[in-house]
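Q: Just passing along the structure, written as structure tokens.
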Number of protein chains: 8
Amino acid sequence: MKVLVVMGSKSDSHIAERVTKVLDEFGVDYDVEVASAHRNPEKVERLAKSEEYDVFIAIAGLSAALPGVIAAHTIKPVIGVPVSAKLGGLDALLSIAQMPPGVPVAAVGIDNGKNAALLTIEILALQNSELREKLMEYREKMRA
Amino acid sequence: MKVLVVMGSKSDSHIAERVTKVLDEFGVDYDVEVASAHRNPEKVERLAKSEEYDVFIAIAGLSAALPGVIAAHTIKPVIGVPVSAKLGGLDALLSIAQMPPGVPVAAVGIDNGKNAALLTIEILALQNSELREKLMEYREKMRA
Amino acid sequence: MKVLVVMGSKSDSHIAERVTKVLDEFGVDYDVEVASAHRNPEKVERLAKSEEYDVFIAIAGLSAALPGVIAAHTIKPVIGVPVSAKLGGLDALLSIAQMPPGVPVAAVGIDNGKNAALLTIEILALQNSELREKLMEYREKMRA
Amino acid sequence: MKVLVVMGSKSDSHIAERVTKVLDEFGVDYDVEVASAHRNPEKVERLAKSEEYDVFIAIAGLSAALPGVIAAHTIKPVIGVPVSAKLGGLDALLSIAQMPPGVPVAAVGIDNGKNAALLTIEILALQNSELREKLMEYREKMRA
Amino acid sequence: MKVLVVMGSKSDSHIAERVTKVLDEFGVDYDVEVASAHRNPEKVERLAKSEEYDVFIAIAGLSAALPGVIAAHTIKPVIGVPVSAKLGGLDALLSIAQMPPGVPVAAVGIDNGKNAALLTIEILALQNSELREKLMEYREKMRA
Amino acid sequence: MKVLVVMGSKSDSHIAERVTKVLDEFGVDYDVEVASAHRNPEKVERLAKSEEYDVFIAIAGLSAALPGVIAAHTIKPVIGVPVSAKLGGLDALLSIAQMPPGVPVAAVGIDNGKNAALLTIEILALQNSELREKLMEYREKMRA
Amino acid sequence: MKVLVVMGSKSDSHIAERVTKVLDEFGVDYDVEVASAHRNPEKVERLAKSEEYDVFIAIAGLSAALPGVIAAHTIKPVIGVPVSAKLGGLDALLSIAQMPPGVPVAAVGIDNGKNAALLTIEILALQNSELREKLMEYREKMRA
Amino acid sequence: MKVLVVMGSKSDSHIAERVTKVLDEFGVDYDVEVASAHRNPEKVERLAKSEEYDVFIAIAGLSAALPGVIAAHTIKPVIGVPVSAKLGGLDALLSIAQMPPGVPVAAVGIDNGKNAALLTIEILALQNSELREKLMEYREKMRA
């Protein structure tokens, strides 16, 4: 089980860190890449088609095509994190959430890298009882 | 593997049908329930805590608390479908997408029940090679 | 007569203080709690079902389910205060205001803890002539 | 105990009917008036200052000043119902919700006359055990 | 010819100064008042009914009822200046612009006190050739 | 005293009729023209520079440059009426209201031709006692 | 000189027709294709890389990645037409306009296929005097 | 081949610099002017009618009429750059993008002067093989 965390621009790395911090905490294996759907579509396509990853977390601001473009090249779950670069991130949220019927992306909240990681872990936990237990502990701690 | 499709109100059933049509097409087992997070929170909690389901698809309009309330009671993936009841569905989209850090919901597009089903299938396909094949065929047909 | 002031996150405490400052000024008894509808729904439910409180003031940002979830568990008046965490608070305002028919929440303005307290006092003053007089004095002072 | 239901324009009467239908169901006494804050401010002021009413429900679209203007002349609770005349009712919702600190209005959802009535009844039920019982029955029925 | 510049709160005085700076420049006589439509409606009404003023400039943020309430009490032109207190001023702009048919307010841009003053001068210049000449000079200077 | 009512497109004529109906009612002289700021700027400029008119009412949808372009060529008051062609008229409202400091336009509400006419009459009434009386009668009738 | 008109979905064909009607009128050669950036990215890439076309007109609703994805694969001008499928087309407009620095797309208005065609012709006319003359005639006719 | 970069106000010069930096990098000849569509329409018209320029880049905030007014006076391509002065630049984006059918403007993203320059170069490159090569190198560098 491995996750790809990909951001559209190096300027999104503060959001990527919120993702990897949680993945580290849960001991989930991952790679991190910078690849823009618009500036480097070949790299995005190559990453999306990699058989290595179970879940993709794509972080992008503005027109935020990255999660959708990845989703176009894989049948693995793709989670999109809209980044607040302009308009408070409303542009990125709409771009990520409003995917056309047929190619789904799972949108989390604006700048909410933490929830992208947790959603990923919930997905991976369906086939991993250790992750399930860690998730339950994590939830338990939040309650305290 | 079983999915719960839950809508906040009977008036959301046209969206639920878009979900179940795709689940049927892929032969995924599911239950359908009507349960409002505000009018019947006990039922929502009971459903959310059921061990029977692997993925939850929650359909709701307006303040659309349903997906988040389910997510609060489970560590299984929860997919939220915002319904366009007022303001073109912007209210529901923001309510579903803007979850606080710690409890994730996967938002799909406004009224986009089809993508909620496909995202569910992508998640289930991680541990089911038959679903993976069907997904690849499905994508192939879309291309034609 | 007692009020519960509950915030979804400790980071909302600057708004809670605007509430309690006014309640103190009017000599209204209250408790303050931190309880997230998503991270600690059991606590929220327990608080909402307490017979001790006449009015609930629920403070929350983002998808801001807290006021609605409290309202789902009580027939006492629930006042929601949207907090400007993202998108200037528009997300929280819509989540709080756009409740489905059947379970009301009284929304006040974004970050407007003061008005949540004053609305509470107006409600309590219906059965308390001393509060009515204080409210009239308060209004009188605002005019000066 | 008596409620004033006031609408800014005769064209809002379909929303006023949603209010009065619920008030009738609960046996709450009320008057209905048409009075525009802009076209007939004297009437609005006279109504707002009437000692006869315990709660005001003010229904208005567009710039929707009615609830706020009533609130300016009373210390009784004022509930505002935004009407979707333009922009899906976002204009009216913001006008009603974004009251300045000092003079509260309780906003309910766009076109949501039903919740304005129920919120009123919750307020009145604080001093009326019969209304409390009816509210609990009403909630019970919603669950079914 | 005299203008009343009225702001809903002392915190709007930086916008009022943009107005009076231009009125001073053109030698137009004016008074400045602080009067909230919600906190001090009697004062607002008294000012609006004064025969002394030819044009009213009303400055307000949030639900921004001030220009409309003045317009309700006068048949003199009322110019409203929305202030960016929350949501970038969109709430105030909609409240001021979306007046109901029958009682007009002239909205200028968010925080745009300068244009409120210039619009006032254009109105007064219809019956004052000196102001017309000054306006033409002012425009000429802007071109340079 | 004469008014120019100019619309950006023939498709705006239903709004122009709301304007002229009120001007007729008050016996105010006017011309009506169709002239697009983008398709026929020369005509717009020529009309704007005409000495014949005291007030301009400019009706436009979408990017709605018409009122601003007229204002650029005259020091007479210009009233802009945003038309709801797309996005509920929000685009036109922002284009008309958000004029840069230096060249004012008076924005009225979306599709609110009636208020454009009444604002015009309020302006003209400053120098016409007969119009003042008619306005007072008009207001009186609205109250009834 | 040849133009590619590509729409993301067959349901956008009413907008494509507005484009081709104008291209026909000016005698500009073009092809029309249906190709979704999400459902058929290979086809989109192949079309974008074709040496045959001078200008691309890409029509898409919702998250509207099509124009940006084409732009990622070509250095020819790409014009994006947002379609009003949800939220009045605001989602598509933001997706198309808010491209990241480095890969430009030229956004025209929502559903405004006509302007996409005219912008294309203006671009082609830079190297074609016949098109320039036709454009001048076209403008002349609009003035009449 | 020459480009005119025109900004509506000196305060937009930080955006103009993003444009000229890229034009310099590609060795494209240009002039820079400050000219407001509202404060100095004659200058704007004169510039727009100049035969000297092949492409116009117009930078403006607020109601942002500049690109449209230039487009009204030329059949050369006009690129509009919305500036975030108020409301995060949404007002300027809508004003620039929502041009009426018949007179096109090419909108780029909010504050995105870089893309305005690159779009210009893509247009000019259609008739200049050296620019085409430089564009391909530029793209190649972005990939690295």
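Each value in this text was obtained by applying a stated rule to the coordinates, not by laboratory testing. Every value quoted in this text rests on a predicted model; they were computed, and no experiment measured them. Neighbour counts run over all protein chains shown; Cβ positions are idealised from the backbone, glycine included.
Q: State, to one decimal in nm, how far the label point of A:GLU42 lies from the label point of H:GLN127, with both points 7 Å from Cα in the Cβ direction.
A: 3.2
Q: Put +1 on the Cβ of each Lys and Arg and -1 on the Cβ of each Asp and Glu in chain F; which of F:MET136, F:LEU94, F:GLY109 then has its Cα farthest toward the positive end of the dipole?
A: In chain F, that residue is F:LEU94.
Q: OK, next. Under a Cβ-only charge scheme (Lys and Arg +1, Asp and Glu -1), can you give me the dipole magnitude of the stretch G:23-144 about the Cα centre, in debye to the nearest 20? The partial results should precede the final answer.
A: Working: 12 positive and 17 negative charges, 86 e Å.
So the dipole magnitude of the stretch G:23-144 works out to roughly 420 debye.
Q: Please report the equivalent ellipsoid semi-axes of chain F, computed as sqrt(5 x eigenvalue) of the Cα gyration tensor, largest first, in whole Å. Walk me through the numbers on the way to the answer.
A: Numbers: eigenvalues 113, 59, 36 Å².
That gives 24, 17, 13 Å for the three semi-axes.
Q: Which of rounded, prolate or oblate describes the protein assembly as shown when judged by the alpha-carbon gyration tensor and an a/c cut-off of 1.5? Display every interim value, and only then the final one.
A: Working: a/c = 1.96, a/b = 1.00, b/c = 1.96.
Oblate, because a/c is 1.5 or more while a/b does not exceed b/c.
Q: Could you work out [θ]222 nm for chain G from helices alone, using -39500 (n - 2.57) per DSSP H run of at least four and dividing by all its residues? Round to the nearest 500 deg cm²/dmol.
A: Values: 6 runs with 65 residues, N = 144.
It comes out at -13500 deg cm²/dmol, rounded to the nearest 500.
Q: Using θ = phi - 60° and the Karplus relation 6.51 cos²θ - 1.76 cosθ + 1.60, list the HN-Hα couplings for the stretch D:97-113 in order, rounded to whole Hz, with x at every Gly or Pro.
A: 6, 8, 5, x, x, x, 10, x, 10, 9, 8, 10, x, 4, 6, 8, x
Q: May I ask you to evaluate 6.51 cos²θ - 1.76 cosθ + 1.60, the Karplus curve with θ = phi - 60°, for each residue of the stretch G:47-64 and list the ³J(HN,Hα) values in order in whole Hz, giving x for glycine and proline?
A: With the stated coefficients, the stretch G:47-64 comes to 4, 4, 8, 4, 7, 5, 9, 9, 9, 10, 10, 10, 10, 7, x, 6, 6, 6 Hz.
Q: Another question, then. Which chain B residue puts its Cβ closest to the axis that rotates B onto F, and at what distance in whole Å?
A: Closest Cβ on chain B to the axis mapping it onto F, in Å: B:GLY88, 5.
Q: Specify the inter-centroid distance of the stretch D:43-113 and the stretch G:18-90, based on alpha-carbon positions, in whole Å.
A: Between the Cα centre of the stretch D:43-113 and that of the stretch G:18-90, the gap is 47 Å.
Q: Would you mind calculating the relative contact order of chain D from Cα pairs under 8 angstrom and at least 6 residues apart, reporting the percent as a whole number? Don't skip to the end; give the middle numbers.
A: Values: 281 pairs, mean separation 33.4, N = 144.
The normalised contact order for chain D reaches 23 percent.
Q: While we're looking at this one, here's another question. Report for chain G the percent antiparallel among DSSP-assigned beta bridges with both residues inside it, nearest 5.
A: Details: 0 of 19 bridges.
Of those bridges, close to 0 percent are antiparallel.
Q: At most 15 other Cβ atoms within 10 Å plus a DSSP loop assignment makes a site exposed; report the longest stretch of chain F without any exposed GluC sites (Glu not before Pro).
A: Working: sites that count: F:GLU51, F:GLU52.
Longest run free of exposed loop sites: F:53-144.
Q: To continue, here is another question. Could you pull out every residue, at least 5 positions away or on a different chain, whose amide H is within less than 5 Å of the one on E:VAL34? Hs are placed 1.01 Å off N in the peptide plane, and Pro or chain starts have none.
A: Placed amide hydrogens put E:MET7 under 5 Å from E:VAL34.
Q: Hey, another quick one. Once Lys and Arg get +1 and Asp and Glu get -1 on their Cβ, which of D:PHE26, D:ALA37, D:SER84 lies farthest toward the positive end of the dipole of chain D?
A: Going by the charge dipole, the pick is D:SER84.
Q: With +1 assigned to the C-beta of every Lys and Arg and -1 to the C-beta of every Asp and Glu, and no other charges, what is the dipole magnitude of the protein assembly as shown about the Cα centre in debye, to the nearest 20? The partial results should precede the final answer.
A: Working: 128 positive and 152 negative charges, 0 e Å.
Taking the Cα centre of the protein assembly as shown as origin, the dipole is about 0 debye.
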